[in-house]
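Comments concern the structure below.
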Amino acid sequence: MDIFSGESKMKVKVLVRNPDDYLRETKRDIHKLPRNYNPALHPLEAPREYTRAMNAVKLERVFAMPFIGSLDGHQDGLTCLGKHPDHLSWLYSGACDGELKLWDVAKRKIVYTVQAHDGFLRAMAFSQETSSLYTVGDDKLIKQWKTQELDGSDLKAPVNTIVTRSMLTGVSHHRSKPYLATCGEACNLWEQTRAQPIKTFQWGVDSLQCIKFNQVEENVITACGSDRSIILYDMRESAPLRKVVLQMRSNSLCWNPMEAFIFTVANEDYNLYTFDMRNFASPINVHKDHVSAVIDVDYSPTGKEFVSASYDKTIRLYNSRQAHSRDIYHTNRMQRLTCAAWSLDDRFIYSGSDEMNIRIWKARAAEKLGVVKPREKTALRVNAKLVEKFAHHPAIKRINRHRHVPRHVYNSRNELRSSRIAARRKEFNVRTHTKRQLPIIPEKAKVIVSEQQ
Amino acid sequence: MSKLKILQPVEDKQEFLDIDEAASDDEDEEKHEKLLNAISKLGNKKMKITQRTEPVSRINEHALVQIGSDKSKTNKIKVDDLLSVIAEKPRLDALKKAVKQAKSKSSTLKAPLEKPQALRVERAAGYEKIKDEVSKWDDIVKSNRVAEQLIFPMNQPSIKMHSASEFTAKFKPKTPLEQQISELLRGNKHVQAENEELTPAEKEALTTMSLKEALERRRELAKSRALQSYQEAKARRQNKIKSKTYHRLLKKEKMKNHVKEFEALKEHDPQRALEKLDQLEKKRIEERMTLKHKGAGKWAKLQAIRSKYDQNARESLADQLRLGKEVTRKIKKPDDESEEDIPSVPLEKSDNPWLGGSLPDSSYPTTEITSGYRKLWDNVNKGKEIKKKMNKEVQKTAKKPSKLKEYPPTDENIDHSTTVDSAENESVASESYDVQEEFSEQLDEGLVRKSTMEDFQQTVEDIEMKQITYKKQSKRQPAPKIDPNAASVPAKTKMASDIDPLKFLSMPDSVITNSSVPVTEEGNEEEEEEQRRMTLAEAFADDDVIEQFKEEKKRIVNAATPKDIDLTLPGWGEWGGAGVKISNRKKKRFIIKAPPAPKRRDDNQGNLIINEDKNPNMRRQQVNDLPFPFRSAAAFESTIRAPVTSTFVPESAVRKLTAPKVLTKIGTVITPMTDEVLISAAKRNKETEDTMELENSKKPTPGKYQKRQKSQLTTKPTKRSKIQKNQWQITDTSATNSLKK
């Protein structure tokens, strides 16, 4: 009491707190946590984040369940898959018995089935302009189907059928104009309304097994030949442009949808090769890891990744600029793969295999499919970032890269590795014990046998 | 029909067959003849020429010659034959000439390339063309590859709010009616401009005055102008007045007015009065700062000279001095009691009249002042003499460089004032004087001339000795507490007899500089240091760091030494319970003796712990090689050190740091790249160029613009560097170190 009355006033310092700083307005608000971000106060930042990264990478592996389901219904092995350019849930599939099926992927049901060809249905291609589907089969026919009806009833009969003289193995459609390219004995260019090809490109006598239009630089076509070659065409020119011969045959190829001059080929020698069409002297990247011939390849619509289907009963996912796969998908019942496709929303992968099933996979194995709330989303992003940050630390790297693979894959991988080591050793020995200086050829360039013009 | 055929691709072989067939149909005989001919000519190795009888899709390159050409070589029609027919008609002479000219100039074209070669050329050309064409995507592809974040699908239409003014700006009147209306509206006073409440017309209406008001205003203005001119004239007149008395009176009046005003203010407006007081005070302070009344001016000096003979001058000088003193007197405020009582004017007993103190003896100022004046003159004269002598001395000693700094030996001749000064210095810096004296020996001994090298050597040695002794002394002084040698000092040991000298950390002796800094200051510093040390000691009085460290070492050493393993079981084979001793027999049998501890590397190292066993578990967690994209370990470590979680960095930063590289929208088809990307990029570039041009046009000086650009350029990286700095700040070395270990 004296404090206030007397002359000698004593000052009492009081901490002042504004309740707005630490109280929440409503019950649903998040509690405000005042933090001091001074790094001096957090001496163990890195170790704590390391622990979090470790947990994150483990959780990612725990949640990595890529297989979503299978589409069962074909009577024979699959040959090709077709993604409808407008409808994400529509998937077309062709089989060895010539059947064409339209699937509703979301419901995992057959929408429509039609006997499209006698013998194999080799390939299909979509025309977005006319919303039609072109199929080619072993019966030397090109058939055009309409793809507009929701119940798939327009698949009842083809709109147009072209009878050709020779075998057809592949088909591809120009992105914006009504041109169709087919391959077989030669590369033929068709116009929608004509019964005869408007152009024929022939280089050598060997047949072609795969042809693809470039989706970005629209007039460029590439095809794979059975003489181990890849041939580049320009639709407007009268002759093919360039041919490059690899050591083994390429089974399939796919253009990068975001990079106009990049394409990847799936080769018989267990590898995939990414080429820049301006430089055929050597591929810009060799994608390894498969232990048997690679049958099919398809880019993700973002152009950052691609999926490859192999004869070794596995699917592998690659970053388009990395040599080794980032993931491998396989199941016990999945047999030799014949085709693979990356869905147009970049979330799913479809694979077709010999044992008549189409399988649906997640593009990112640990991704959550349901609704992700904002906080969960940020948590997932932070986790991903942490894993990326500490990806080079051995413990985390080990967990992050560890995959269970089938026994045959494991064994043959070891076998291949040992053979590669042996080859390297032999080369070294030869180099050291010959007087003549042998030219050093980079590993990438060894694949190229010749580039013809 | 023929068109269709051309469209059909027909291979060469088939073509050959076609030709053969066609030939067989028509002219069997001729063909036979041809064949015979061909056979007969096989020996001559001439090319066999196939012949064409019917238009086909492709013309054989070997069949350019007409059938039967070999037969009718003589029958060939030449241009001359045709011209000879023309010659009869005179009006076609010109044509004849032209043909002749053409004939003289013409030469045969080169043969076309072989088909495979031609194809090769075509292919190469086509490939080059497409290469160039495709390269236009280079930039966009590269930028996409390095982009921090890509959002798919690309080329989403940008959402932008269009304002009404923007929309109307685009509108152009087309119909005559619209044009008329726009003409009416444009530049009309009644159209309201943007961001303004009133139209120009309305504003005008508001500002305009009535006639009466205007007249009144004019009258007022005229009046004020007249008043102003009167005032000006008056001021001019007054300025011309030279009378001193007048001015004095004026001043007094002014002062009076001021006082009156102040008084009035005191009563009515104390606030303003205070302000006035402050102003006065400020004036006084300014006065104090200047040398106006201190007798330093020209006038004051003159007065001083005159004062010897002139009473007036003397008085005015005294007056001036008094004024100065009054002004410079420090006003003691009643409230600040903390300050010591200092005499308002420091009165020094010196003869200098300018130093003050002459006020009490103002009764007889003449003698004082004159004596002071004489002294001043004397001083000046002497100073000149000294200068002369010094110059001479310098010329003399120029040969002896070691003695250049020597003070002139004519010290005694300099008058008292300087000696007084030196005495003062002595009193103030007595300690430093000793030191200086000692060191000045190096310089002072110069009176005896040194001729031999030995002489020089000895002096140098002497100096060194002295320096060393001095150093020792100085060393002992500042840090007596921590010096273990200080134990020899008896007083110290008495005071802290219970302190173990080994418990002190042996610190390096604090370096004493033997610079010319006076010791007084050093003493101050020392005191401060002492105080600081004391406070530190107080602060850490409780935690005994050395003891702790020793304990820790002991603990570690103990943990490292193997222990005996005791396998005895109490009560097994004998009585058990509290206080029962284990028999020797049992001890011998069941206690396994540990081997002697291996020698430690830090055994005799004192205050040092060496961790000898590596931790293999830690090793396993470390990164062995530098990961691929990094070029230096430091860069990699910095990325590890920069935290990304919200515990360590703000939420907004986390959001930025963890932004995914590729974002896709659920349920949306991502279409392949289109030309629009290129076009839009080009457009964007063009737009930016346009804006830049606009800016250019606005700013007529290009130099300025460039400067601005430069500054922009420079500001950007600084921002980046700031961010990096932050990252560095956040980083923490100990954490990574612990990780590495």
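Read-outs: derived from the displayed coordinates by stated rules, not from any lab. Just so it is clear, the structure is predicted and the values come from calculations on it, not from any experiment. With ideal geometry, Cβ positions are generated from the backbone for all residues, glycine too; neighbour counts draw on all protein chains shown.
Brief remarks on what is shown
- Every condition in (1) buried (at least 24 other Cβ atoms within 10 Å of the Cβ); (2) within 14 Å of chain B (Cβ to nearest Cβ); (3) over 24 Å from A:Asp104 (Cβ atoms); (4) not acidic (Asp, Glu) is met by A:Val294 except one, and the failing one is (2).
- Looking across B:Thr199, B:Thr245, B:Thr208, B:Thr175, one residue alone is surrounded by 11 or more Cβ atoms within 10 Å (Cβ to Cβ) and without any contact (Cβ under 8 Å) to a residue 12 or more places away in the chain. It is B:Thr199.
- Whichever residue in segment A:138-149 is touching a residue at least 12 places away in the same chain (Cβ under 8 Å) and not in a strand (DSSP E or B) and, among such residues, is nearest to A:Ser93 (Cα to Cα): A:Thr147
- For B:Pro112, the criteria (1) over 60 Å from the mean Cα position of the chain (by Cα); (2) touching a residue at least 12 places away in the same chain (Cβ under 8 Å); (3) within 14 Å of chain A (Cβ to nearest Cβ) hold in every case but one, which is (3).
- A:Arg249 satisfies every condition listed in (1) within 14 Å of chain B (Cβ to nearest Cβ); (2) of a type outside the set (A, V, I, L, M); (3) closer than 22 Å to A:Arg122 by Cα except (1).
- Segment A:20-47, residues that are surrounded by 13 or more Cβ atoms within 10 Å (Cβ to Cβ) and more than 7 Å from every other protein chain (Cβ to nearest Cβ): A:Arg35
- Of all residues in segment A:281-303, those being of a type outside the set (Ser, Thr, Tyr), at negative phi and assigned to a loop (DSSP other than H, G, I, E, B) number 8.
- Residues of segment A:122-137 that are in a strand (DSSP E or B) and among the small types (Gly, Ala, Ser): A:Ala123, A:Ala125, A:Ser127, A:Ser132, A:Gly137.
- Taken together, the residues in segment A:345-363 that are within 14 Å of chain B (Cβ to nearest Cβ) and in a loop (DSSP other than H, G, I, E, B) amount to 4.
- Taking segment A:311-341 as the range and being part of a strand (DSSP E or B), touching a residue at least 60 places away in the same chain (Cβ under 8 Å) and either over 27 Å from A:Ile284 (Cα atoms) or not polar (S, T, N, Q) (or both) as the test, the residues that pass are A:Asp327, A:Ile328, A:Tyr329, A:Cys339, A:Ala340, A:Ala341.
- Candidates A:Ala379, A:Ala341: the one that is under 12 Å from the mean Cα position of the chain (by Cα), among the aliphatic types (A, V, I, L, M) and either at the interface with chain B (Cβ under 10 Å from one of its Cβ atoms) or farther than 30 Å from B:Pro643 by Cα (or both) is A:Ala341.
- Candidates A:Pro240, A:Pro257 - the one that is within 13 Å of chain B (Cβ to nearest Cβ), buried (at least 20 other Cβ atoms within 10 Å of the Cβ), more than 26 Å from the chain's Cα centre (by Cα) and not in a strand (DSSP E or B): A:Pro240
- Inter-residue pairs, beta-carbon under 8 Å, first within 15 Å of A:Pro283 (Cα to Cα) and in segment A:230-248, second hydroxyl-bearing (Ser, Thr, Tyr) and surrounded by fewer than 18 Cβ atoms within 10 Å (Cβ to Cβ), 6+ apart: A:Val244/A:Ser450; A:Val245/A:Ser450
- Leading residue by the ranking (farthest from A:Lys199 (Cα to Cα)) among those in segment A:260-278 that are among the charged types (D, E, K, R) and more than 7 Å from chain B (Cβ to nearest Cβ): A:Asp269
- In segment A:151-167, the residues that are assigned to a loop (DSSP other than H, G, I, E, B) and within 31 Å of the chain's Cα centre (by Cα): A:Asp151, A:Gly152, A:Pro158, A:Met167
- Failed criterion for B:Gly606 (all others in (1) more than 51 Å from the chain's Cα centre (by Cα); (2) among the small types (Gly, Ala, Ser); (3) loosely packed, with under 12 Cβ neighbours inside 10 Å hold): (1)
- Checked against the criterion of being at negative phi, of a type outside the set (Ser, Thr, Tyr) and within 59 Å of the chain's Cα centre (by Cα), segment B:211-218 contains not a single residue that satisfies it.
- Selected residue (criterion: farthest from A:Gln144 (Cα to Cα)) from residues of segment A:187-216 that are facing chain B (nearest Cβ under 9 Å) and surrounded by fewer than 22 Cβ atoms within 10 Å (Cβ to Cβ): A:Gln202
- Hits in segment A:71-92 - residues which are within 14 Å of chain B (Cβ to nearest Cβ) and among the charged types (D, E, K, R): A:Lys83, A:Asp86
- Meeting the requirement of 3 or more residues that are more than 44 Å from the chain's Cα centre (by Cα) and either within 14 Å of chain A (Cβ to nearest Cβ) or of a type in the set (Ser, Thr, Tyr) (or both), the helices (runs of 4 or more DSSP H) wholly within segment B:115-209 are B:115-134.
- Residue match in segment A:300-308 (condition: more than 11 Å from chain B (Cβ to nearest Cβ), in contact (Cβ under 8 Å) with a residue 12 or more places away in the chain and among the aliphatic types (A, V, I, L, M)): yes
Condition check ((1) polar (S, T, N, Q); (2) more than 9 Å from chain A (Cβ to nearest Cβ); (3) exposed (fewer than 12 other Cβ atoms within 10 Å of the Cβ)) across all residues:
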site: B:Lys599; (1), (2), (3): no, yes, yes
site: B:Asn611; (1), (2), (3): yes, yes, yes
site: B:Arg619; (1), (2), (3): no, yes, no
site: B:Pro629; (1), (2), (3): no, yes, yes
site: B:Ala634; (1), (2), (3): no, yes, yes
site: B:Pro643; (1), (2), (3): no, no, no
site: B:Val654; (1), (2), (3): no, no, no
site: B:Val662; (1), (2), (3): no, no, no
site: B:Thr674; (1), (2), (3): yes, no, no
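- Any hit, segment A:122-134, residues being more than 20 Å from A:Glu185 (Cβ to Cβ), hydroxyl-bearing (Ser, Thr, Tyr), over 23 Å from the mean Cα position of the chain (by Cα) and buried (at least 17 other Cβ atoms within 10 Å of the Cβ): yes
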